[in-house]
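Data block below; observations after.
Just so you know, all these numbers are worked out from the coordinates, no wet-lab data involved. Remember, predicted model here, so these are calculated numbers, not experimental data. Glycine gets a Cβ as well: all are built from the backbone with ideal geometry, and neighbour counts include every protein chain shown.
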Amino acid sequence: MNLTPDQTILFELWGWGINATIFYTWVVMAILTVVSMLITRNLRADVSPDRWRMILEVIVQGIQGQIEEVAPGPSRYLLYYAGTLFLFIALSNLLLVVPGFEPPTASLSTTMALAISVLIAVPLFGISSRGLGGYLKTYLEPSFIMLPFNIISEFSRGISLAIRLYGNIMSGAVIAAILLGVAPFFFPVVMDVLGLLTGMIQAYIFAILATVYISSAVAERPAPNSTQAAKETT
């Protein structure tokens, strides 16, 4: 039994071994791309929405509503990023019920790549919102002594994101494989249902935490004496 899809080599392409993690990541991306293109191909005001377009709108509006509860101000670009994270992780975990499919989120390399993307997105969103100097000043708050601790905190958040997602998905796959050998008919069905539920929760948590980290980087923090100045003015 392979503990990670990285160990499963499916085929070779130009001398490079393509493992299950890479292949099924392409599969998930292809499904998301093709489905979104098919649903939105007639996206016009004069065309009434069909069933699939209504489902997609419900999903997008649901994601946007969650983001607006966390992130202040305009959230359109944050919707693109956090929404893509959620859909990729959720679909990867949902396809676990397909025989032979190995979710790429069960690989530490995939979860680390997602976490690194969050680590890169946080300063990019922060700089675009507050400017380079304004964002770098956040590492010196509330005092310059906190600089190394703020940097360590920034990286530890990304590592915790990756390990949390990887641990939950991989452990579910391992337990299901063990129970398959004990009771091959009953337990795997139960574990698949629990795996789907856990996968959706993990997709939600990952996207929400990424939104929280980014919103904290773009939020304007009040000046230390702003409260006192407001009292004096009144």
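Side notes on the structure shown:
- Per-residue Karplus couplings for region 78-95, computed as 6.51 cos²θ - 1.76 cosθ + 1.60 with θ equal to phi - 60°, are listed in order as 5, 5, 4, 6, 5, x, 5, 4, 4, 5, 5, 5, 5, 5, 4, 7, 5, 6 Hz, Gly and Pro entered as x.
- In this calculation the C-beta distance from Trp52 to Tyr77 is compared with R0 = 25 Å, giving a FRET efficiency of 0.50.
- The trypsin sites (Lys or Arg not before Pro) of region 21-74 meeting both criteria, a DSSP state outside H, G, I, E and B (loop) and at most 10 other C-beta atoms within 10 angstrom of the site's C-beta, are Arg41, Arg44.
- Footprinting exposure proxy ranking of Glu68, Glu12, fewest other C-beta atoms within 10 angstrom first, gives Glu12, Glu68.
- Karplus-derived 3J(HN,Hα) values for region 50-67, using 6.51 cos²θ - 1.76 cosθ + 1.60 with θ = phi - 60°, are 8, 5, 5, 5, 5, 4, 4, 5, 4, 5, 5, 5, x, 5, 5, x, 5, 5 Hz; glycine and proline are entered as x.
- Extension gain for Thr84-Gln7 works out to 25.1 nm (0.36 nm per residue, less the C-alpha to C-alpha distance).
- Proximity of backbone amide H atoms, modeled 1.01 Å from N, is registered between Asn19 and Leu10 at under 5 Å, excluding neighbours fewer than 5 places apart on the same chain.
- Mean Cβ neighbour count within 10 Å, used as a protection proxy, ranking 143-152, 115-124, 102-111 highest first: 102-111, 115-124, 143-152
- Footprinting exposure proxy for Val212, Val58 (fewest neighbouring C-beta atoms within 10 Å first): Val58, Val212
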